[in-house]
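> Pasting a structure here, questions to come.
The values are calculated or read from the model by the stated rules, or taken from the named source; none is laboratory data. Fair warning: this is a prediction, and the values are worked out from it, not measured in the lab. We place every Cβ from the backbone using ideal geometry, glycine too, and count neighbours over all the protein chains shown.
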Amino acid sequence: MQFFLDTANLSQIREAEELGLVDGVTTNPTLLAREGGDWRSQAREILKIVDGPVSLEVVSEDAEGMIREARDLHAMGKNVVVKIPMIREGLKALKVLRGDGIRTNVTLIFSPMQALLAAKLGADYVSPFVGRLDAISRGGMEIVSQIREIYDNYGFDTKILVASVRNPMHVLEGALIGADVATIPFAVIEELIRHPLTDSGLASFLADWKAFQEDG
Ligand code: E4P
C-alpha cells in the first residue's frame, strides 16, 4: 500500500519525508488555502521535497477551464497529478487529458459507479472520500471494497486512493481491501506509529535494565 500525505503544510511533509513514509502528497483547494501565501510557490516547494506523485486540483467548473488549468499544473513538474472533480464537465476533461498524457486523480468520489465511470475514461487514480461518507453513516470502506471488486472484475488499472481518512482503521481496512494508496493526514500517521502497549512495554524494559545496572 502506498502512503500519500494529505496536506500542503511543508513542515509536516518534510518531517514525514524524513521518516521515509511519504510515497506522494495530495492537496486540494482547502489545504492550499489553509497554508496561505502564494499557492504556486507552495506547490513548487512540495514538488521539490517529494519525488512521488503530488496531486494539485483544478478550480474551474467547465471542461475547457479544467483542461487549461491541468496543462498549466502539469507543466509545474513531472510528478504532478491533476485532480479533477467527479462532475460531468470533469469527465469531458478526463478524455482530453488522457490524450495529452497528463496523469489524473478523480476526486470527490462517493459511489462505486462514479469510480467506474472515472476508470472507463482512463483516470490514473480515484479518490473515494471515506471519512465524509462515514459522517453521513454511508459506510465509506464498503464503497472502497465495491470499487476494488469492480476494478478487479474488469481489469481496470486505475488506482484506488482512499481519501478523507480520519483514523488508523481507515488505513487498516483500506489495506485489507487492497486499496492501492491511502492519503493520510499527518496526525493519523502519528497514530499509526503509536500504541500504548509499545510505550508501556518499552518503559518497563528500560526500568528493569536501569535497576539491573544499579544492582550490578
Ligand atoms: C484528498 O486529498 C482529499 O482532498 C482529502 O482527503 C479530503 O479530506 P477531507 O474530507 O478531510 O476534506
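> With the condition kept exactly as written, say whether any residue in segment 17-31 is touching a residue at least 60 places away in the same chain (Cβ under 8 Å), touching a Gly at 6+ places or on another chain (Cβ under 7 Å) and part of a loop (DSSP other than H, G, I, E, B).
So far as segment 17-31 goes, yes, one or more of its residues are touching a residue at least 60 places away in the same chain (Cβ under 8 Å), touching a Gly at 6+ places or on another chain (Cβ under 7 Å) and part of a loop (DSSP other than H, G, I, E, B).
> Let me confirm something: among ALA135, ALA75, ALA118, which residue is modelled with pLDDT of 95 or more, of a type outside the set (Val, Ile, Thr) and buried (at least 21 other Cβ atoms within 10 Å of the Cβ)?
Numbers: ALA135 fails: buried (at least 21 other Cβ atoms within 10 Å of the Cβ); ALA75 fails: buried (at least 21 other Cβ atoms within 10 Å of the Cβ).
Selected residue: ALA118, the only one of ALA135, ALA75, ALA118 that is modelled with pLDDT of 95 or more, of a type outside the set (Val, Ile, Thr) and buried (at least 21 other Cβ atoms within 10 Å of the Cβ).
> Show the residue pairs meeting these rules: Cβ distance below 6 Å; 6+ apart or different chains; first residue within segment 164-187 and more than 17 Å from LEU133 (Cα to Cα); second residue within 12 Å of the ligand (Cβ to nearest atom) and in a loop (DSSP other than H, G, I, E, B).
PHE186/THR7
> Now, a different point. Kindly provide the set of residues from segment 21-32 that are modelled with pLDDT of 95 or more and surrounded by fewer than 17 Cβ atoms within 10 Å (Cβ to Cβ), ordered by number.
Passing the criteria: PRO29, THR30.
> For the structure I just gave you, tell me whether ILE84 is within 14 Å of ASP124 (Cβ to Cβ), buried (at least 17 other Cβ atoms within 10 Å of the Cβ), touching a helix residue (DSSP H, G or I) at 6+ places or on another chain (Cβ under 9 Å) and at pLDDT 95 or above. Step through it out loud before you land on a result.
Working: within 14 Å of ASP124 (Cβ to Cβ): yes; buried (at least 17 other Cβ atoms within 10 Å of the Cβ): yes; touching a helix residue (DSSP H, G or I) at 6+ places or on another chain (Cβ under 9 Å): yes; at pLDDT 95 or above: yes.
Judged against the criteria, ILE84 is a match.
> Would you mention how many residues in segment 10-28 are within 13 Å of the ligand (Cβ to nearest atom) and either over 14 Å from the mean Cα position of the chain (by Cα) or among the hydroxyl-bearing types (Ser, Thr, Tyr) (or both)?
Number of matching residues: 2.
> Would you tally the residues in segment 175-204 being farther than 25 Å from ASN28 by Cα and not β-branched (Val, Ile, Thr)?
11
> Same structure again: For segment 107-133, what are the residues that are over 17 Å from the mean Cα position of the chain (by Cα) and either within 12 Å of the ligand (Cβ to nearest atom) or at positive phi (or both)?
GLY122
> Also, quick follow-up: Please state which of the following conditions VAL106 fails to meet, knowing it meets all the rest: (1) closer than 19 Å to PHE156 by Cβ; (2) touching a residue at least 24 places away in the same chain (Cβ under 8 Å).
(2)
> Still on this structure: Does PHE212 satisfy being surrounded by 10 or more Cβ atoms within 10 Å (Cβ to Cβ) and either free of Cβ contacts under 8 Å to residues at least 60 places away in the same chain or not hydrophobic (A, V, I, L, M, F, W, C) (or both)?
So PHE212 does not fit the description; no.
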